[in-house]
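S.K.: Provided herewith is a single structure, encoded as structure tokens, for subsequent inquiry.
Derivation of every value follows stated rules applied to the coordinates shown; laboratory data play no part. Just so you know, these numbers come straight off a predicted model, no measurement behind them. All Cβ positions, glycine included, derive from the backbone under ideal geometry; neighbour counts span all protein chains shown.
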2 protein chains.
Amino acid sequence: MEILKQRIRRDGHALSESVLLVDSFLNHQVDPFLMKQVGEEFAARFLDAGIEKIATIESSGIAPAVMTALEMNLPMVILKKQVSSIMKEGIIQTEVFSFTKNATYLLTLKEQFIEKGERVLVIDDFLANGEAAFGAIRLIEQAGGVVAGVGAVIAKAFQDGLTKLRTAGYRVEALAPVKAMRENTIEFGED
Amino acid sequence: MEILKQRIRRDGHALSESVLLVDSFLNHQVDPFLMKQVGEEFAARFLDAGIEKIATIESSGIAPAVMTALEMNLPMVILKKQVSSIMKEGIIQTEVFSFTKNATYLLTLKEQFIEKGERVLVIDDFLANGEAAFGAIRLIEQAGGVVAGVGAVIAKAFQDGLTKLRTAGYRVEALAPVKAMRENTIEFGED
């Protein structure tokens, strides 16, 4: 997605060979018009996938996911990292390891929000090692859903999440796959 | 906002006199079209307020806030409850007490995302005792911004956040103010 890549080149910062800062338009400050374009792009790419629901992971995936859901005219479900005290019945959980935080967290879904056989598209802001995506997939499949696609706004193609998901048979679309980063240089491409 | 109140009556559940469950369309499963309508309603109500940026609190406010930001053609900033390891410079923080969780958390803002004198509209899913809203206000004002409005999708008008905010001089719009709840009955109104 050229307009997204241009924005990453202009406003993103490669803080190291593996850390990409995009907090001025994607995950702290958010450009809603860019999110709308991202939603339109995901909708176009997954048009033929028979998607029935959008799922995302709390919380940086919510903005692009809700725009995708709006564009595809589908409900969205937020897989929760934080569980409120009133959310305790009918839930399923899975452990996810976060490399960025070097800690494990529980991802939670109220099972009733994924129906048996429902075709789900998982949208997230970043795909790196795939831990969060596989956590989302475990929950959706445990609830009886079918993961019909995974969409990442940005994928760090130099980490192994993209390959692992595809090897496992999942269809993955990355709007801005990053092949390599050096200080002040971001190279796009899937391999 | 009549369509929202109808939805709350149909799909919301008063779990007690103070707990309203709306997780099938607002904060776990999310109806993106309703969020778009919510965004349009906030945009209309704050049309004359000279708003320059939307702020919200991670994470249930993100969906209605990004739709409001899109409708008003403004950037949005997400005040963070979880801080990533790459977010450490130029940040300001404030302690917020959560009655639901009976615990204190730190709300975080990278100061550069609120400009001096910038007129900010704070959007959140719920307004109850106002702790989160006042936390957001402290951060925005500390960064030099002006809180020109607070918009809550649902306000529990029987708790004191709405009154406290207005007494402190803030303009508050609640799309669905709830006056009282009993099992299976939700009564709307501001007092």
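S.K.: It is to be established whether one or more residues within the range A:13-25 are aromatic (Phe, Trp, Tyr) and either out of contact with any Pro (no Cβ under 9 Å at 6 or more places or on another chain) or free of Cβ contacts under 8 Å to residues at least 12 places away in the same chain (or both).
M.R.: no
S.K.: Does residue B:132 satisfy the condition of being out of contact with any Gly (no Cβ under 7 Å at 6 or more places or on another chain) and more than 10 Å from chain A (Cβ to nearest Cβ)? Don't jump to the end; show me each part of the working.
M.R.: On the way: out of contact with any Gly (no Cβ under 7 Å at 6 or more places or on another chain): yes; more than 10 Å from chain A (Cβ to nearest Cβ): yes.
Here the answer is yes, as residue B:132 does meet what is asked.
S.K.: From (1) within 7 Å of chain A (Cβ to nearest Cβ); (2) buried (at least 23 other Cβ atoms within 10 Å of the Cβ); (3) touching an Asp or Glu at 6+ places or on another chain (Cβ under 8 Å), pick out the condition that doesn't hold for residue B:60.
M.R.: (1)
S.K.: In this structure, does residue A:123 turn out to be farther than 17 Å from residue A:98 by Cα and within 14 Å of chain B (Cβ to nearest Cβ)?
M.R.: Against the criterion (farther than 17 Å from residue A:98 by Cα and within 14 Å of chain B (Cβ to nearest Cβ)), residue A:123 qualifies.
S.K.: For the range B:19-37, state whether one or more residues are charged (D, E, K, R) and over 24 Å from residue A:79 (Cα atoms). Before the answer, list the steps.
M.R.: Quick first cut of the range B:19-37, residues charged (D, E, K, R) only: B:23, B:31, B:36.
Those left that are additionally over 24 Å from residue A:79 (Cα atoms): none.
No, because not a single residue in the range B:19-37 is charged (D, E, K, R) and over 24 Å from residue A:79 (Cα atoms).
S.K.: Another question, if that's okay. Pick out, from the range B:122-191, the strands (runs of 3 or more DSSP E) lying fully within it that include 1 or more residues that are buried (at least 23 other Cβ atoms within 10 Å of the Cβ) and in contact with an Asp or Glu (Cβ under 8 Å, 6 or more places away or on another chain).
M.R.: Ranges flagged: B:146-156, B:172-182.
S.K.: Quick one: what pairs do we get from the range B:66-80, first residue touching a residue at least 60 places away in the same chain (Cβ under 8 Å), second surrounded by fewer than 24 Cβ atoms within 10 Å (Cβ to Cβ) and of a type in the set (Gly, Ala, Ser), C-beta under 7 Å, 6+ apart or different chains?
M.R.: Close Cβ pairs satisfying both conditions: B:68/B:43.
S.K.: While we're here: Keeping to the range B:71-98, report how many residues are within 11 Å of chain A (Cβ to nearest Cβ) and either among the β-branched types (Val, Ile, Thr) or within 27 Å of residue B:39 (Cα to Cα) (or both).
M.R.: Selection size over the range B:71-98: 16.
S.K.: Could I ask something else about it? All but one of (1) polar (S, T, N, Q); (2) within 30 Å of residue A:15 (Cβ to Cβ); (3) within 17 Å of the chain's Cα centre (by Cα) hold for residue A:108; which doesn't?
M.R.: Just one mismatch for residue A:108, condition (2).
S.K.: Looking at B:116, B:110, can you tell me which residue is within 10 Å of another protein chain (Cβ to nearest Cβ) and free of Cβ contacts under 8 Å to residues at least 40 places away in the same chain?
M.R.: That would be B:110, the only listed residue that is within 10 Å of another protein chain (Cβ to nearest Cβ) and free of Cβ contacts under 8 Å to residues at least 40 places away in the same chain.
S.K.: Take residue A:50 and decide whether it is touching a residue at least 60 places away in the same chain (Cβ under 8 Å) and either of a type outside the set (S, T, N, Q) or touching a His at 6+ places or on another chain (Cβ under 6 Å) (or both). Steps first, answer last, please.
M.R.: Details: touching a residue at least 60 places away in the same chain (Cβ under 8 Å): yes; either of a type outside the set (S, T, N, Q) or touching a His at 6+ places or on another chain (Cβ under 6 Å) (or both): yes.
Taking the combined requirement at face value, the residue satisfies it.
S.K.: While we're looking at this one, here's another question. Regarding the range B:7-17, can at least one residue be identified that is of a type in the set (Gly, Ala, Ser), over 24 Å from residue B:134 (Cα atoms) and more than 10 Å from chain A (Cβ to nearest Cβ)?
M.R.: The answer is yes, given that some residue of the range B:7-17 is of a type in the set (Gly, Ala, Ser), over 24 Å from residue B:134 (Cα atoms) and more than 10 Å from chain A (Cβ to nearest Cβ).
S.K.: Can you find a residue that is buried (at least 19 other Cβ atoms within 10 Å of the Cβ) and either among the aromatic types (Phe, Trp, Tyr) or without any contact (Cβ under 8 Å) to a residue 12 or more places away in the chain (or both) anywhere in the range A:85-92?
M.R.: no
S.K.: For residue B:29, all conditions in the list (1) among the polar types (S, T, N, Q); (2) within 9 Å of chain A (Cβ to nearest Cβ); (3) touching a residue at least 60 places away in the same chain (Cβ under 8 Å) hold save one; what is the number of the exception?
M.R.: (3)
S.K.: Taking residue A:143 as the residue in question, decide whether it is of a type in the set (Gly, Ala, Ser) and closer than 18 Å to residue A:68 by Cα.
M.R.: Here the answer is no, as residue A:143 does not meet what is asked.
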